[in-house]
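Shown next, in structure tokens, is the structure this report addresses.
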Amino acid sequence: MKKLALHWQIMIGMIAGVLFGILVSYVGWQGFVADWIKPFGTIFISLLKLIAIPLILASLIKGISDLQDISKFKNMGLRTVILYVISTVVAISIGLAVVNIIQPGEYVSAETVAELTESFSAEGEKRVTAASNQKSKGPLQFVVDMVPQNIFGAASHNGNMLQVIFFAIFFGISMLLVKDEQVKPIKDFFDSVNDIILKMVDLIMLSAPYAVFALLASLIAETTNPDLFLALGWYAASVVIGLVLMMAVYIAAVYFITGKKPAFFLKGISPAQLLAFSTSSSAATLPVTMERVEEHLGVHKEVTSFVLPVGATINMDGTSLYQAVAAVFICQALDFDLTFQDQLTIVLTATLASIGSAAVPGAGMIMLVIVLESLGLPAESLAIGLALIFAVDRPLDMCRTTVNVTGDASVAMIVGNSLGKLGEPHVKNWDDNKEHL
Ligand code: ASP
């Protein structure tokens with residue numbers, strides 16, 4: 001019998017997880033889920049994070065040193081950054097259009113605002129404090145932070161992804177400047193490491209359907225007060241409609257620019273999308289995104305190894321779209337009028353805020369504070385604003401992370417195509433491995 005494709009297996013795991021989570025909420029088995037099911041989801045995320053840094057190091061060093069000359073790297077870097085900025089601005093514009101048409105803030109009554117403020121202002125306060133810690137640094141701190149003082153220190157923390165990328169690029173470029181025969185052993189070494197780590201991704205993915213079951217079951221079991229969900233329905237719908245439109249933009253862009261059909265693109269990337277949805281973390285999903293884009297979509301390693309890790313850290317179209325919708329929604333709900341100029345400010349600040357958001361669950365909401373502040377929302381309203389959207393933030397985070405990952409994959413396809421580095425998929429056959437397992 002033909003085995004069910006991975007994305008279907010994951011999908012079944014997700015649906016079963018949601019249903020089980022709902023059942024648990026009814027019968028009150030939350031303790032059981034927390035003790036016996038959730039840990040499997042946590043282990044799965046840890047395994048993915050475990051291989052992220054070694055994978056970036058190995059594939060980026062190998063990828064850059066394969067480029068043959070520095071001008072090719074400059075070319076790729078420039079195209080990538082330009083596409084990342086364009087896609088972010090498009091995402092924010094879609095978000096602004098949707099939120100201005102639907103006007104979700106008008107559907108929230110004063111009682112709901114009061115209720116949400118009472119329930120969640122402490123959560124809002126926490127995020128305002130987290131944001132102020134981030135931005136008390138100077139404007140160039142972002143660049144300063146990118147350069148590590150110690151590579152082992154940098155590689156010891158997943159939050160330092162950009163530092164590791166910086167080191168790998170520097171190392172790879174230096175390899176290009178040294179004679180071929182001198183760098184060959186190092187190239188071969190990183191090549192093998194890369195292959196082994198991609199195999200680790202394959203192995204970890206075997207447990208993905210069970211892991212997403214555990215992740216979603218525990219998430220639903222922990223959800224309190226589903227009624228608030230309805231009160232914020234129009235806001236949540238605005239974000240989701242915007243995200244769906246953005247997804248359509250990617251699919252169309254990939255089709256018209258690279259000629260790859262939507263079904264091909266979606267089939268190739270869907271396991272990464274489903275994981276992004278289940279984990280709410282582009283960083284945790286990165287190893288899978290890299291494996292899928294390289295092996296299933298056919299983008300060469302020289303491109304994926306650079307475009308995807310950089311994208312996971314700085315290109316978050318879903319997050320920027322969400323920040324635009326959330327900022328306008330909060331202003332509408334608090335009767336804070338926005339001018340056209342304010343909306344332009346959102347384009348700029350949401351671009352920066354999404355770049356600054358970490359690729360972990362809930363990070364986009366922290367950076368939203370910066371967007372709200374730039375609009376002149378009074379300090380005492382910031383925590384209230386965040387309290388308004390807190391109740392539905394996790395499900396929206398799941399959706400925006402899916403878009404973040406899809407955006408990176410689309411840009412990788414387009415950059416790969418423009419550099420002649422988009423080939424045929426070369427999926428490694430699982431049956432070759434079975435006898436060893
Ligand atoms: N969870 C998102 C990501 O990892 C970031 C965010 O919007 O909170 O891509």
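Every number in this text was worked out from the coordinates using simple rules, so none of it is lab data. Remember, predicted model here, so these are calculated numbers, not experimental data. Methodologically, a virtual Cβ is constructed for each residue, glycine included, from the backbone with ideal geometry; neighbour enumeration extends over all protein chains shown.
Relative to the longest principal Cα axis of the chain, at what angle does helix 6-27 sit, 0 to 90 degrees, rounded to 10?
In the chain, helix 6-27 runs at an angle near 30 degrees to the longest axis.
Looking at the square roots a ≥ b ≥ c of the eigenvalues of the Cα gyration tensor of the stretch 141-218, which shape do they give, rounded for a/c under 1.5, prolate if a/b is larger than b/c, or oblate? Please list the in-between numbers first.
Working: a/c = 3.95, a/b = 1.46, b/c = 2.72.
The shape class here is oblate.
Give LYS62/LYS179; LYS49/LYS301; LYS3/LYS62; LYS74/LYS261; LYS184/LYS260; LYS179/LYS301 a once-over and call out the pairs whose C-alpha atoms are over 27 Å from each other. Working shown, then result.
Values: LYS62/LYS179 15 Å; LYS49/LYS301 20 Å; LYS3/LYS62 34 Å; LYS74/LYS261 29 Å; LYS184/LYS260 35 Å; LYS179/LYS301 22 Å.
From the list (LYS62/LYS179; LYS49/LYS301; LYS3/LYS62; LYS74/LYS261; LYS184/LYS260; LYS179/LYS301), the Cα-Cα distance tops 27 Å for LYS3/LYS62; LYS74/LYS261; LYS184/LYS260.
Taking square-rooted eigenvalues a ≥ b ≥ c of the alpha carbon gyration tensor, is the stretch 235-298 rounded, prolate or oblate, where a/c under 1.5 means rounded and, failing that, a/b exceeding b/c means prolate?
On the way: a/c = 2.65, a/b = 1.11, b/c = 2.39.
Verdict is oblate for the stretch 235-298.
Which order do peptides 246-254, 297-305, 276-284, 314-322 fall in by mean Cβ count within 10 Å, highest first?
On the way: 246-254: 19.3, 297-305: 24.9, 276-284: 26.8, 314-322: 31.6.
Taking the mean over residues of other Cβ atoms within 10 Å, the ranking is 314-322, 276-284, 297-305, 246-254.
Sort ARG292, ARG79 so that the residue with the fewest other Cβ atoms within 10 Å of its own Cβ comes first and the one with the most comes last. Display every interim value, and only then the final one.
Details: ARG292 30, ARG79 17.
The fewest-first ordering by Cβ neighbours comes to ARG79, ARG292.
Can you compute the helix-only [θ] at 222 nm over the chain? Use -39500 (n - 2.57) per DSSP H run of at least 4 residues, normalise by all residues, nearest 500 deg cm²/dmol. The partial results should precede the final answer.
Working: 21 runs with 346 residues, N = 437.
Estimated from H runs of four or more residues: -26500 deg cm²/dmol.
Quick check for me: using +1 on Lys/Arg Cβ and -1 on Asp/Glu Cβ, what's the dipole size of the chain about its Cα centre, in debye to the nearest 20?
Details: 26 positive and 35 negative charges, 249 e Å.
Its charge dipole is roughly 1200 debye.
Say R0 is 41 Å: what FRET efficiency, to the nearest 0.05, do PHE40 and ILE196 get from their beta-carbon distance? All intermediate terms of the calculation are to be shown ahead of the outcome.
On the way: r = 24 Å, r/R0 = 0.59.
Computed FRET efficiency for PHE40 and ILE196 comes out at 0.95.
Distance between Cα centroids, the stretch 285-328 to the stretch 189-254: provide it in whole Å.
Distance between centres, Cα-based: 13 Å.
From the square roots a ≥ b ≥ c of the eigenvalues of the alpha-carbon gyration tensor of the stretch 260-333, which class results: rounded (a/c under 1.5), prolate (a/b over b/c), or oblate?
Working: a/c = 2.37, a/b = 1.98, b/c = 1.19.
Prolate.
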